[in-house]
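The next block holds one structure in the form of structure tokens; read it before the comments.
Nothing in this text is a laboratory measurement; each read-out follows from the coordinates by a stated rule. All figures in this text were calculated on a predicted structure; none of them were measured in a lab. With ideal geometry, Cβ positions are generated from the backbone for all residues, glycine too; neighbour counts draw on all protein chains shown.
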Amino acid sequence: MIKYIISNNINNILIRLLPQLSELTYINSTSPEVLLKIEGLDHSLINYEFSNNLQQMVGVINRDTIVIENLSKYNLDEFSLVQLFKKLGDIKQCYIVDNRKIGFIELLCDEVVTV
């Protein structure tokens, strides 16, 4: 299940979403500061991964639950994006939280929510 959440306030979405999940890999291209500010979040259950390209991101997907922040910030070449979504298709739960809606990503997801 791949859920694409589009919001102008990503931090609020993460504050509500992350404490509900157990043992997850959180992937983004910046620092994990938002994770430190979330009350009730068990940091020992989170595998934080920094990624600056889609190829690198594919290599760090290794848990049943994945949260990817701001996928639209990456260089979204179609080949790498398809490879990423093939890998995400094997994952139990994947949440892509972004502030921009991208039609191609929308087509590859099971559910799209705009908040």
- Item | FRET efficiency, 1/(1 + (r/R0)^6) with R0 30 Å, evaluated for N11 and F104 via beta carbons | 0.75
- Kirkwood Rh and Cα Rg combined as Rg/Rh, the chain: 0.92
- Restricted to pairs 8 or more residues apart or on different chains, the lysines in the chain with C-alpha atoms under 24 Å apart form a number of pairs equal to 13
- First measure r as the distance between the Cβ atoms of V112 and Q83, then evaluate 1/(1 + (r/R0)^6) with R0 = 22 Å and state the FRET efficiency to the nearest 0.05. 0.60
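Can you tell me, using C-alpha contacts under 8 Å and at least 6 residues apart, the relative contact order of the chain as a whole percent? Show your work: numbers first, answer last.
Details: 196 pairs, mean separation 51.7, N = 115.
The value is 45 percent.
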- Using a Förster distance of 22 angstrom, determine the FRET efficiency expected from the C-beta separation of S72 and N52, and round it to 0.05. 0.95
- Item | Sparsely packed trypsin sites (Lys or Arg not before Pro) within segment 1-99, loop by DSSP, other Cβ within 10 Å at most 13 | K37, K92
- Net charge dipole size for the chain [Lys, Arg +1 and Asp, Glu -1 on Cβ; Debye, nearest 20]: 120 debye
- Query: Expressed as an acute angle from 0 to 90° and rounded to the nearest 10, what is the orientation of the C-alpha long axis of helix 78-88 relative to the principal long axis of the chain?
  - Reply: 50 degrees
- Query: Using only helices, what value at 222 nm comes out for the chain when you add -39,500 (n - 2.57) per DSSP H run of length 4 or more and divide by the total residues, to the nearest 500 deg cm²/dmol?
  - Reply: -8000 deg cm²/dmol
- Task: State the answer as a single residue: which of I61, Q83, I13 lies farthest towards the positive end of the charge dipole of the chain, with beta carbon charges of +1 for Lys and Arg and -1 for Asp and Glu, about the Cα centre.
- Result: I13
- Note on the structure: Surrounding charge for L14, neighbours by C-beta under 13 angstrom, Lys/Arg +1, Asp/Glu -1, total -2
- Message: For T30, T65, which order do you get if you count the other beta carbons within 10 Å of each Cβ and list the fewest first?
- Response: T30, T65
